[in-house]
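The values are calculated or read from the model by the stated rules, or taken from the named source; none is laboratory data. What you see is a predicted model, and the numbers here were worked out from it, not measured in a lab. Methodologically, a virtual Cβ is constructed for each residue, glycine included, from the backbone with ideal geometry; neighbour enumeration extends over all protein chains shown.
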Amino acid sequence: MAKPKLKEHHIEREWCKGCGICIEFCPKNVLELDEKDKAVAVRLEDCIACRMCELRCPDLAIEVIVQE
Amino acid sequence: MSDNVKFVQGNEACVEGALYAGLNFFAGYPITPSTEVAEALSSRLPQKGGKFIQMEDEIASICAIIGASLTGHKVMTATSGPGFSLMQEGLGYAIMAEIPCVIVNVQRGGPSTGNPTHVSQGDINQARWGTHGDHAVIALTASNHQDVFAITVDAFNLAETYRTPVVLLFDEVLGHMREKLTIPDPGQIPLVERLWTSVKEGVDYHPYLPREDGRLPMSDFGGVHRYNVTGLFHDMWGFPSADPGVVHGLLRHLVDKIYNNENAIARYKEYYMEDARTIFISYGSSARSALHVVEYLRPRGVPIGLLELQTLWPFPSRIVREKCADAQAVVVVEMNMGQILNEVKTAVDRPDSVYLANRIDGTLITPTDIRNILRVIQGKGV
Amino acid sequence: MAVRDYLRERFFPHMWCPGCGHGTILGALLRAVESLGLKKSEMVMVSGIGCSSRISGYVDFHTLHTLHGRALAFATGVKLSRPEVKLMVPMGDGDALAIGGNHFIHAARRNIDMTAIVMNNRIYGMTGGQYSPLTGYGALATTAPYRNIDHGFDVVTLASAAGATFVARTTAYHVQQAKDILQKAIAHKGFSVVEILSQCPTYFGRKNRMGSAVDMLRWFKENTTKIGSKAKAENPDLIERGIFVEKQLPEYCSEYDKVLERAQSGGS
């Protein structure tokens with residue numbers, strides 16, 4: 001199976017409560033909290049699209065979109 | 001003898017009425033003196049494709065029938081005293097979520113385990129106020145098996161009409177006594193069926209939006225419309241809301257839909273009432289003894305009559321006031337310490353002319369008991 | 001269908017606290033439903049009362065939000081009267097095992113086809129952090145200021161003994177496993193129980209100095225292991241994750257069909 005290629009992180013800012021789970025458990029350290037305590041993907045180029053942030057996000061706020 | 005004529009217990013008459021009304025789901029837990037209802041239905045329901053389940057307790061029983069009612073079935077549970085206490089939270093849920101169901105309470109002596117194999121009418125107020133919070137409830141009773149049958153059918157009809165639980169308050173004497181029952185032909189007693197919504201699949205359906213006539217059409221849970229049901233105050237979609245306007249509106253609706261129809265829900269029977277100066281007000285098995293006294297005294301020239309109540313809640317205040325307007329004395333005959341007495345006193349113009357004839361020892365009040373009390377009331381001694 | 005298509009998005013952001021594991025469980029559950037290709041209209045969710053029970057408001061299924069502890073009793077009525085629906089009953093640990101404990105064991109005993117999900121955060125969250133039947137000996141709670149002397153249930157052994165035909169445990173950290181287990185549980189015909197350890201950073205975590213939601217998830221990672229692992233042999237205190245029971249026994253609604261048949265043929 002080909003490695004999925006990342007297109008974007010869709011983060012629903014209104015839903016994000018800034019718990020930091022996605023940031024802490026990202027194996028590639030892609031995400032950070034911004035000044036408003038909302039998750040943002042700041043190092044997109046490092047993302048391996050493992051979706052662990054999406055699966056663990058308690059706010060259902062993250063969607064990792066890969067290229068078809 | 002025709003197949004339609006049976007010699008049965010009151011509990012069986014109730015079963016026959018429920019089946020006639022279209023019952024097809026029953027959940028219950030054994031308890032004296034109502035157990036025969038469950039026993040009979042465990043045999044009868046599956047014969048017609050209905051479902052019977054014996055749950056782990058009375059709480060689970062009422063919850064299960066509420067769940068089954070939602071999916072589109074006519075449902076019932078039956079219990080007695082302590083079991084009825086356990087059902088109060090489920091009763092409140094059915095009131096709040098407006099789910100039609102019938103709850104039979106074959107009353108026995110209380111409080112607590114009390115007097116399980118003996119008669120009482122001690123749960124009248126529990127039926128009214130047993131579940132917490134402001135609310136309205138419909139409670140019905142009857143005094144003979146033909147009426148037990150008919151009032152059970154009526155209970156299902158009212159439950160469907162008002163989307164509400166209806167309590168049937170029978171008692172141990174009624175439940176266990178045997179007498180003749182003639183089962184009416186199908187169609188002889190009209191049935192109210194579930195009012196289904198005409199909203200089509202894929203169109204927004206509002207489970208809690210009353211029609212102009214006040215009725216709320218239902219959609220079978222698990223069917224074509226997805227909606228929410230909750231015991232919280234809720235909006236017209238069934239979603240929780242603490243908005244003061246929503247809370248106020250829903251509570252008013254829940255109470256008004258019953259109380260605005262007090263007369264339509266009132267069922268009662270009159271015996272020798274036209275010129276009666278002394279009026280018995282009674283219900284359930286005690287009404288049998290009261291009627292016996294009336295029929296004994298009438299040929300002896302005593303202007304006495306009986307108003308037999310079949311609807312206990314909402315209490316038919318206007319009817320009681322009207323019927324008792326010309327009475328010199330109103331004697332409430334019941335087997336408790338005056339639970340309906342207080343309602344009658346509140347209803348009539350002259351509460352000091354309302355008396356209680358009761359018996360609370362687990363024994364059916366007899367005509368002799370009533371006559372003795374009547375003599376005391378009349379200042380004649382016993 | 002994407003996970004979001006199963007949500008009632010108008011109620012988001014949800015009401016759970018930041019870092020609460022319940023949302024993660026909701027996500028895993030929806031992914032399981034999606035993988036099974038189930039339609040929204042064939043799903044019924046029945047819940048009780050508590051933080052966990054609010055889950056039913058967020059899914060665009062047929063949803064029945066009932067009384068504290070009674071969800072399984074309502075669900076039994078729904079399922080027996082309409083056996084074709086897929087039924088899931090998410091519950092909190094207090095909801096499922098204290099006030100609802102009796103309904104829990106009896107639903108398991110009947111092997112009625114539904115999936116009971118115990119969202120175990122070891123605390124009553126909605127009321128502010130009182131000890132629950134899964135808080136465990138020695139823990140602190142607002143009603144156990146001198147430490148809890150009640151022992152917790154083991155949900156897996158309890159459910160197995162009561163007769164559940166599918167019993168599993170996982171955590172809100174092990175999200176892939178949670179989804180896989182839920183998928184199997186929903187597909188299983190019979191009474192399935194899935195215990196999912198969920199973090200309550202607001203009450204259980206704070207009271208017991210377990211740190212943030214992240215720290216609590218790390219605790220799940222470090223203190224649990226796969227069933228029968230070598231690690232378990234070396235450290236018996238580890239909590240096992242995986243499927244403990246998976247067997248086929250006659251299911252209640254199917255058995256009831258036999259009752260109907262016997263009643264209608266005049267037999268017994």
Among the residues of the stretch B:167-213, which ones are outside the structural domain of B:GLY122 (by TED's automatic domain parsing), aromatic (Phe, Trp, Tyr) and either within 21 Å of B:SER285 (Cα to Cα) or loosely packed, with under 14 Cβ neighbours inside 10 Å (or both)?
B:TRP196
Qualifying residue in the stretch C:219-230 (condition: of a type in the set (A, V, I, L, M, F, W, C), more than 14 Å from chain B (Cβ to nearest Cβ) and in contact with a Leu (Cβ under 8 Å, 6 or more places away or on another chain)):
yes
Going through (1) assigned to a loop (DSSP other than H, G, I, E, B); (2) facing another protein chain (nearest Cβ under 10 Å); (3) touching a residue at least 60 places away in the same chain (Cβ under 8 Å); (4) in contact with a helix residue (DSSP H, G or I) (Cβ under 6 Å, 6 or more places away or on another chain) one by one, C:TRP16 fails only at (3)
I'd like to check which strands (runs of 3 or more DSSP E) are fully inside the stretch C:161-268 and have at least 2 residues that are under 19 Å from A:PHE25 (Cβ atoms).
C:166-171, C:191-197, C:224-226
List the residue pairs whose Cβ atoms are under 8 Å apart, where the first residue sits in the stretch B:15-30 and is charged (D, E, K, R), the second is surrounded by fewer than 23 Cβ atoms within 10 Å (Cβ to Cβ) and assigned to a loop (DSSP other than H, G, I, E, B), and the two are 6 or more positions apart or on different chains.
B:GLU16/B:ILE183
Going through A:LYS38, A:LYS7 one at a time, which residue ends up being surrounded by fewer than 21 Cβ atoms within 10 Å (Cβ to Cβ), among the basic types (Lys, Arg) and at pLDDT below 95?
A:LYS7
Can you pull out every residue in the stretch C:55-99 that is part of a loop (DSSP other than H, G, I, E, B), at the interface with chain B (Cβ under 8 Å from one of its Cβ atoms) and either closer than 20 Å to C:HIS22 by Cβ or modelled with pLDDT under 95 (or both)?
C:ASP60, C:PHE61, C:THR66, C:LEU67, C:ARG70
Quick one: count up the residues across the stretch A:26-52 that are facing chain C (nearest Cβ under 10 Å) and either in contact with a Leu (Cβ under 7 Å, 6 or more places away or on another chain) or closer than 22 Å to C:PHE11 by Cβ (or both).
1
Residue match in the stretch C:192-204 (condition: in contact with a Gly (Cβ under 6 Å, 6 or more places away or on another chain) and among the charged types (D, E, K, R)):
no
May I ask you to list the residues in the stretch C:19-53 that are acidic (Asp, Glu) and either closer than 21 Å to A:ILE21 by Cβ or within 13 Å of chain A (Cβ to nearest Cβ) (or both)?
C:GLU34
Just checking, does the stretch B:110-120 include any residue being crowded, with 23+ Cβ neighbours inside 10 Å, of a type in the set (A, V, I, L, M, F, W, C) and more than 26 Å from B:PHE233 (Cβ to Cβ)?
yes
